[in-house]
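All of the numbers you see were taken from the coordinates with simple rules; none came from a lab. Computed from a prediction, not measured in an experiment: that's the story for all the values here. Please note: Cβ atoms are built from the backbone with ideal geometry, for glycine as well, and neighbour counts cover all protein chains shown.
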Amino acid sequence: MNDEVSRSSKPPTRLRNAALPEVEEAQSSSVLLGGVSTSDGIDTYDGAHRSQFYELGQKLLEESMDPDQLLIAPATSMHELRGEYTGAPSFVAQIDSLMNQGYTQIVRTKGDGNCFYRALAYAHLSSLIDSPNLVFSAKAVIESGSRMMEYNYMDADIISTFCEPLMELVDAIGSSDPSKRLTRDRLLSAFLDQETSNYIITYLRLLTTAQIQSASDDYAGFLFNDSGDQMLPGEFCRQYVDPLGREADHVQVAALCRALKLHVKIAYLDGHSRDGQVHFQEITSPGDGKIKPLILLYRPGHYDVLIKTN
């Protein structure tokens, strides 16, 4: 291990930043963000659900502050999730809709601000366990991402250090030794380890930063701070992407899916639908149309993994 990097919960500091272009005029809402196609059509918020929405948001916040909550939990039945929303009929209707579509289980992640990165990484590796023939291409994508990070002036030793746990898990999928081959139980154990989990999350955050900075013109019109002011890509990444515990917004989601060449569908469990249907936002990168999508469940401010019965 490089002596400059210690295994801690803090992401490394990049040695210097890539030169960044000036911010362009803000773009209007588009179905194309950073070369990643996204579906629109999210229902507008119904004010009648304001109190219910707030209470459920507070529940998720309290869960995220629970020191005993697992970083990631074994898959559980959607019926268990349904039982937590018995007082919220609009949410129950959406959960019923998901179950009727064959979504039977949920893999919960800790709501610590890293849930999107953790959920996506787990779903990605889990899908590779099901399709080991895709391991070679997945490794090539990760290696390409590391080169992109170096091109954006990130230290090669730091990149290698944080990438290592992820690549070890990918390599284990195709191991000829059954005692070393990655199974779902071993994948879960790896993600329950704070050090391993933080390393993988940090790597994905740095990869997201590299993607945004490499295609800065694509993302510039979508980068805003909490006050609604536009930001330069480098400033945005330093504040909203690199630090552990910073939640991922649509820009980060789209950028990471593009960098990893993933096809992702996000189910919105938000209580917005009047007919109980669940809106799915689909994110596809060029050339990934034939890849089986990874399914995530979004509740206000939080991501989990959805599992569909074949």
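What to note about this one:
- Residue tally, condition of a type outside the set (Ser, Thr, Tyr) and either over 21 Å from ARG205 (Cα atoms) or touching a Pro at 6+ places or on another chain (Cβ under 8 Å) (or both), over the stretch 131-155: 6
- Among the residues of the stretch 169-194, those identified as of a type in the set (Asp, Glu) and part of a helix (DSSP H, G or I) are ASP171, ASP185.
- Answer from THR183, THR196 - the residue that is buried (at least 16 other Cβ atoms within 10 Å of the Cβ) and either of a type in the set (Val, Ile, Thr) or in contact with a Leu (Cβ under 6 Å, 6 or more places away or on another chain) (or both): THR196
Table: residues versus (1) surrounded by fewer than 16 Cβ atoms within 10 Å (Cβ to Cβ); (2) closer than 25 Å to GLY102 by Cα.
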position: ALA220; (1), (2): no, no
position: MET231; (1), (2): no, no
position: ASP242; (1), (2): no, no
position: HIS250; (1), (2): yes, no
position: ILE283; (1), (2): no, yes
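- Considering residues of the stretch 122-140 that are among the aliphatic types (A, V, I, L, M) and more than 18 Å from the chain's Cα centre (by Cα) only, the residue surrounded by the fewest Cβ atoms within 10 Å (Cβ to Cβ): ALA140
- Top-ranked residue in the stretch 252-281 [being polar (S, T, N, Q) and within 18 Å of ARG82 (Cα to Cα); ranked as surrounded by the fewest Cβ atoms within 10 Å (Cβ to Cβ)]: GLN277
- Total residues in the stretch 192-211, condition over 14 Å from the mean Cα position of the chain (by Cα) and closer than 24 Å to GLY111 by Cβ: 6
- Among residues of the stretch 284-307, those that are under 21 Å from MET149 (Cβ atoms) and in contact with a strand residue (DSSP E or B) (Cβ under 7 Å, 6 or more places away or on another chain), counted: 1
- Restricting the stretch 88-108 to residues that are over 16 Å from TYR298 (Cα atoms) and either free of Cβ contacts under 8 Å to residues at least 12 places away in the same chain or aromatic (Phe, Trp, Tyr) (or both), the residue that is surrounded by the most Cβ atoms within 10 Å (Cβ to Cβ): PRO89
- Selection status of SER227, more than 30 Å from ILE95 (Cβ to Cβ) and free of Cβ contacts under 8 Å to residues at least 60 places away in the same chain: yes
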